[in-house]
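Report on the structure given below.
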Amino acid sequence: MSNVSLYSFRGLYYAEYIDVPKLKESISELLGIKNTFSRQSLKTFYENIVLKNVSRKNEIDKVLFENILYGQLKNVSLNKIQSPTKIKLPVLRKQMEQLISTYNHNQFIPSQFRADMKDSGFYLMDTISPTHTGTKFIAGFDIKASNNDVEELRILFVEVVKKENKRSFLLGGIEVDFKRLTLTLMARHTTGIAKPEEDEEPYDHSISSLFNRIKGELLPYLRIVPYIDCEKDRKGLFEYCKSLDDKLLEDKRALVNQRTGRLLPATTKQLFDALFEKDDNRPDKNVQETIIKQINSMLVASYIAANVSNNELKREARRLDLEAYSTRISFTSNNASRSSTESAGANKPLASSELFHSLYTSFTDSQRLQTFSLSWFTDINNTNLKDIDVIQTTIRSNKSDFLITFKANRPLEKEFLHYVLDRISELRNY
């Protein structure tokens with residue numbers, strides 16, 4: 001900062017996106033000081049911390065940047081990168097220079113801050129705060145590189161919108177991982193954004209329009225071409241969902257088969273003998289085998305309902321070292337009919353739903369999932385197997401997008417978000 005005495009925190013428009021207790025904790029840990037700031041407002045805390053640690057302001061600002069980027073932006077579009085597969089640091093810096101010039105060099109952002117908008121990266125959430133409706137700008141970005149090869153690019157894109165007759169910020173997070181070749185877009189579900197008036201600069205008022213703007217306007221500056229393969233996405237979801245189900249219920253199904261394995265086929269044959277007196281009207285063996293499978297699934301459901309609680313299923317998932325369990329599936333069966341089933345919420349595994357077991361045969365035959373909800377254990381390092389706390393995600397796959405929603409009222413953690421997104425990326429098989 002050129003003039004320390006004039007420093008004032010101007011980032012209050014970001015307050016709704018900031019996990020303030022976490023921010024204070026993280027900055028205190030960074031500086032190696034005791035966190036005694038619980039009663040201080042965000043503005044007072046940040047100003048005091050910066051003025052006492054001017055030489056470390058960039059590190060402090062980075063903590064704020066990550067707090068905003070990974071805390072409340074819980075609606076995610078996860079894309080693969082078709083091109084470029086590699087990019088050199090000088091090339092990216094030139095592209096970022098053009099992007100900054102387009103979005104940040106305008107009459108609504110004071111020109112005095114342009115010197116701070118370096119093409120190597122900057123964090124200006126605490127200093128630039130335009131209020132003109134429709135203004136769009138880059139609030140911060142950083143680059144991670146090794147031997148001049150870019151490994152990661154992170155951008156915080158902001159639009160000034162009108163919400164409930166007040167000015168507000170609509171944020172879009174962008175994370176480009178050139179090692180995994182993934183493009184992650186992040187936004188927060190926000191209600192109450194008014195559509196721009198005819199005489200106002202246009203701005204986005206939904207997540208989908210914000211994502212479309214980023215893809216259509218910002219990514220071309222970076223020459224990034226995203227893509228998805230819907231069929232592979234859905235197949236990958238199916239295989240993962242089925243593997244979780246198979247592992248979680250393996251012993252329950254084995255027990256039911258042990259007790260009914262011989263009786264069920266014989267009983268089904270007796271029922272068919274009684275129902276179909278003439279052989280020419282009798283369904284073939286495939287039909288009988290399908291019915292046996294359906295009855296078996298319902299017997300498994302009945303056994304679980306009578307003997308296993310939801311928490312017991314969750315603890316079993318932890319014991320088996322499963323990272324998640326399913327709570328909802330929506331699929332298209334081989335006869336082109338659509339089916340879906342869901343549990344009562346994040347803390348109730350789908351394996352306890354009788355409807356899921358009634359549709360189990362159709363599910364195993366479908367091999368395609370359009371919608372899939374998972375509850376992920378938040379103890380990602382398995383430090384305490386008794387910890388069965390979860391956060392639910394809903395995953396939607398269509399021809400133009402692969403969308404993930406984190407359904408949690410609490411702010412997310414960077415490590416947890418990356419853990420889930422990296423795991424899902426691995427499932428997509430391309």
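The values are calculated or read from the model by the stated rules, or taken from the named source; none is laboratory data. Quick caveat, the model's predicted, so the values are computed rather than measured. Virtual Cβ from ideal backbone geometry, glycine too; neighbours counted across all protein chains shown.
Conditions tested, residue by residue: (1) within 29 Å of Ser26 (Cβ to Cβ); (2) modelled with pLDDT of 95 or more; (3) not aliphatic (A, V, I, L, M).
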{"residue": "Val50", "(1), (2), (3)": "yes, yes, no"}
{"residue": "Glu59", "(1), (2), (3)": "yes, yes, yes"}
{"residue": "Leu64", "(1), (2), (3)": "yes, yes, no"}
{"residue": "Leu69", "(1), (2), (3)": "yes, yes, no"}
{"residue": "Lys74", "(1), (2), (3)": "yes, yes, yes"}
{"residue": "Val91", "(1), (2), (3)": "no, yes, no"}
{"residue": "Gln95", "(1), (2), (3)": "no, yes, yes"}
{"residue": "Lys118", "(1), (2), (3)": "yes, yes, yes"}
Checklist entry - Which residues, taken from the stretch 109-131, are free of Cβ contacts under 8 Å to residues at least 60 places away in the same chain, in a loop (DSSP other than H, G, I, E, B), out of contact with any strand residue (DSSP E or B) (no Cβ under 8 Å at 6 or more places or on another chain) and more than 21 Å from Tyr221 (Cα to Cα)? => result Pro110
Checklist outcome for this item: Per the filter on the stretch 159-174, residues among the charged types (D, E, K, R) and at negative phi are Glu159, Lys162, Lys163, Lys166, Arg167
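The rows are residues; the columns are (1) under 18 Å from Leu92 (Cα atoms); (2) assigned to a strand (DSSP E or B).
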{"position": "Phe141", "(1), (2)": "yes, yes"}
{"position": "Lys144", "(1), (2)": "yes, yes"}
{"position": "Phe157", "(1), (2)": "yes, yes"}
{"position": "Ser168", "(1), (2)": "no, yes"}
{"position": "Ile174", "(1), (2)": "yes, yes"}
{"position": "Arg180", "(1), (2)": "yes, no"}
{"position": "Leu183", "(1), (2)": "yes, yes"}
Checklist entry - What is the residue count in the stretch 74-88 for residues that are more than 25 Å from Ala187 (Cβ to Cβ) and either in a strand (DSSP E or B) or more than 28 Å from the chain's Cα centre (by Cα) (or both)? => result 1
Next on the checklist: Condition check: surrounded by 18 or more Cβ atoms within 10 Å (Cβ to Cβ) and of a type in the set (S, T, N, Q). Does Thr268 satisfy that?
Outcome noted: no
Item to check | Test: Ile68 is in a helix (DSSP H, G or I), aliphatic (A, V, I, L, M), in contact (Cβ under 8 Å) with a residue 12 or more places away in the chain and under 23 Å from Ile207 (Cα atoms) | outcome: yes
Checklist outcome for this item: In the stretch 171-208, residues that are under 23 Å from Arg223 (Cα atoms), under 15 Å from the mean Cα position of the chain (by Cα), surrounded by fewer than 17 Cβ atoms within 10 Å (Cβ to Cβ) and in contact (Cβ under 8 Å) with a residue 40 or more places away in the chain total 0
Checklist outcome for this item: Selection over the stretch 402-420 where residues are out of contact with any helix residue (DSSP H, G or I) (no Cβ under 8 Å at 6 or more places or on another chain) and either assigned to a strand (DSSP E or B) or closer than 16 Å to Asn347 by Cα (or both) yields a count of 6
